[in-house]
Amino acid sequence: MMGMLLSRSPHEVEVERPQLQLRDVSRPAPSHSPVVPIAKTPSHSHDGRLLPVRIAKDPWTASNFESFLMVVGMHRSLTSALVQALAETMNFRLGAEYSSNWELTEIQLINDLLLQFANSRWLDVTLPLDRAFSLPLASCVPLHARMLQYLNAGPALIAEPRTGPLVIKDPRFCLTLAYWSSCTPKPPHVVFVFRSPIEVARSLQRRNDLPLERGIELWFKYNTLGLLHIASHNHTIIEAQELLDRPFATLEFLYNVVVQHWGFPRVLPPLNGGPLAANHTTSRPPIDRNDLEQQIGGALDRSGAGSSSVTTAQVMQLYDELRRRRFSIHTVPRTT
């Protein structure tokens with residue numbers, strides 16, 4: 001199966017739909033989930049909450065750095081379902097304090113603060129789309145690097161040596177990945193997930209009461225900056241619909257990427273267990289490209305002439321590029 005997936009996309013592989021019933025992401029993690037021990041010292045967030053600070057004993061260098069995985073993708077693009085599948089079927093390790101969306105609370109908070117410093121918010125992105133995210137900082141804030149270092153301490157500093165490598169996700173990584181890369185001795189590895197713009201926009205409309213045209217604009221900005229940021233990282237790109245239609249084939253493809261191409265340790269082959277229990281994905285996918293283009297054009301036209309910052313042609317061009325690059329594997333040459 002894995003040999004087939006290297007030369008053929010999951011679109012071309014007929015697999016039996018597994019019966020993988022993944023846990024509802026709105027419920028707390030099971031008590032047996034691997035948890036990294038935390039050394040805590042008092043630290044307060046901007047809203048007064050007490051937060052744990054991850055502290056590592058040794059300086060973080062390339063020699064003691066263990067590869068970790070970032071799942072990057074626009075909001076409402078099944079990044080949560082993918083992280084859940086990686087953790088529950090392939091032995092990837094989650095952080096200790098994560099939200100119902102499988103996002104580390106500290107990472108999410110820091111990303112929100114980074115965007116505020118750049119005069120943006122996750123729902124109102126004003127960042128330039130032609131260059132990487134930057135702030136007037138000399139380098140990564142040391143506290144942020146220590147937090148990542150402790151999360152990624154590896155088997156020597158965690159209670160269970162068989163626990164797999166770390167996986168973290170936050171849709172805001174599309175916007176801030178360049179900053180986080182400056183916090184690590186080596187760039188993280190990235191799985192980039194995309195979903196059709198109209199499905200994302202409809203989902204944001206239901207959840208956040210966001211007009212369709214604004215959701216499409218956000219999709220364009222997140223995915224434009226996401227592709228810009230991952231270009232300098234080891235990365236692969238998958239489509240959310242493939243994760244729903246052929247979860248086992250898609251996870252086998254990712255297993256092959258992280259183990260055979262990137263050399264991740266202690267990753268287990270995925271379970272052939274069934275369709276993802278992603279009940280929140282109720283948007284009807286477009287019938288085909290023409291259907292998608294008509295729906296996007298209709299949504300942008302209803303917003304009024306000149307009121308949208310993107311055109312239907314721009315959105316479709318980006319969508320076509322994402323589709324062209326799905327299941328591609330990009331490995332950055334190692335430097336000595």
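Key figures
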{"read-out": "Pairwise FRET efficiency - Arg207 versus Ser134, Cβ, R0 = 35 Å, nearest 0.05", "value": "0.70"}
{"read-out": "Among 319-329, 194-204, the order from most to least packed when residues are scored by Cβ within 10 Å on average", "value": "194-204, 319-329"}
{"read-out": "Residue order, fewest to most beta carbons within 10 Å, for Thr312, Thr79", "value": "Thr312, Thr79"}
{"read-out": "Separation in nanometres of the label points that stand 7 Å from Cα toward Cβ, at Thr105 and Glu66", "value": "2.4"}
{"read-out": "For region 117-155 versus region 197-242, the gap between their alpha-carbon centres in whole angstrom", "value": "19"}
{"read-out": "Sorted by Cβ neighbour density within 10 Å, fewest at the top, the residues Val72, Val125", "value": "Val125, Val72"}
{"read-out": "Prolate/oblate/rounded label for region 174-320 (Cα gyration tensor, a/c 1.5)", "value": "oblate"}
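We did not get these values from a lab; they are worked out from the coordinates using the rules stated. Note that the structure is a prediction, hence the values are computed from the model and not measured. Ideal geometry is used to build each Cβ from the backbone, glycine not excepted, and the neighbour counts take in all protein chains shown.
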